[in-house]
Amino acid sequence: MAEISLVQGDIVEQEVDVVVNAANSGLMGGGGVDGAILRAGGPAQLEARRKLRDRIGPLPTGHAAWSEAGDMKCRWVVHVVGPVFSRNENRAPPLESCYREALALCDELGAKSVAFPAVSAGIYGWPMDSAADIAINTVRATTTDVEDVRFVLFGRAAYDEFSRALGT
Ligand code: AR6
């Protein structure tokens, strides 16, 4: 079973096999964590993303796909597309699926360590307390060969919500 830990900081600085990106379906970059990961990965990651997109087309919400990381310290970036938060519709299932599919891809790649951001909890508007519960509960319930699962949170408030969800 994976050991889950929390870090307050910038996900692009993590020394892990895989960094998970909160992407959009187009896969070619955006704001938030996606922009930071693409800047850190440079032109080589942009090219890897272009090849991925040309091969698979738009990545649907709730799904994951990997590309090379370019100039980042990690070996691979696993892109997931979280759902936009809705008050009228329960979109927890696709958010859970982002974490499950990302871990399954890590297993295929043979990755032993992975850093996740709080998927959907920024531009996509998901309340941090609920995003944290879903992230932690889903990873706990997923069987994986990954040994080190790290949630990398931007800011104290996000860190505190994940800490509560983890029970630490
Ligand atoms: N390291 C760790 N966490 C970060 C970093 C970072 N460098 N930068 C932001 N966060 P978001 P989403 C936090 O908006 O809600 C993009 O345009 C941030 O504070 O990155 O899934 C994509 O292309 C928040 O807590 O992702 C999509 O269009 C969390 O990461 C859309 O945004 C996620 O915020 C995806 O929106």
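A short reminder: the numbers here are calculations on the coordinates, not readings from a lab. Computed from a predicted structure; not experimentally measured. Cβ atoms come from the backbone with ideal geometry, glycine included; neighbour counts cover every protein chain shown.
Would you calculate the separation in nanometres between label points at Ser25 and Ser86, each defined as 7 Å from the Cα along the Cα-to-beta-carbon direction? In this crude label model, Ser25 to Ser86 measures out at 1.3 nm.
Using only Cα positions of the chain, each an equal point scatterer, no hydration layer, compute I(q)/I(0) via Debye at q = 0.20 Å⁻¹ and quote the log10 values to two decimals. Reported log10 I(q)/I(0), two decimals: -1.39.
Take the Cβ atoms of Gln8 and Arg75, set R0 to 22 Å, and the FRET efficiency comes out at 0.40. Region 36-65 and region 106-152 have Cα centres spaced 19 Å apart.
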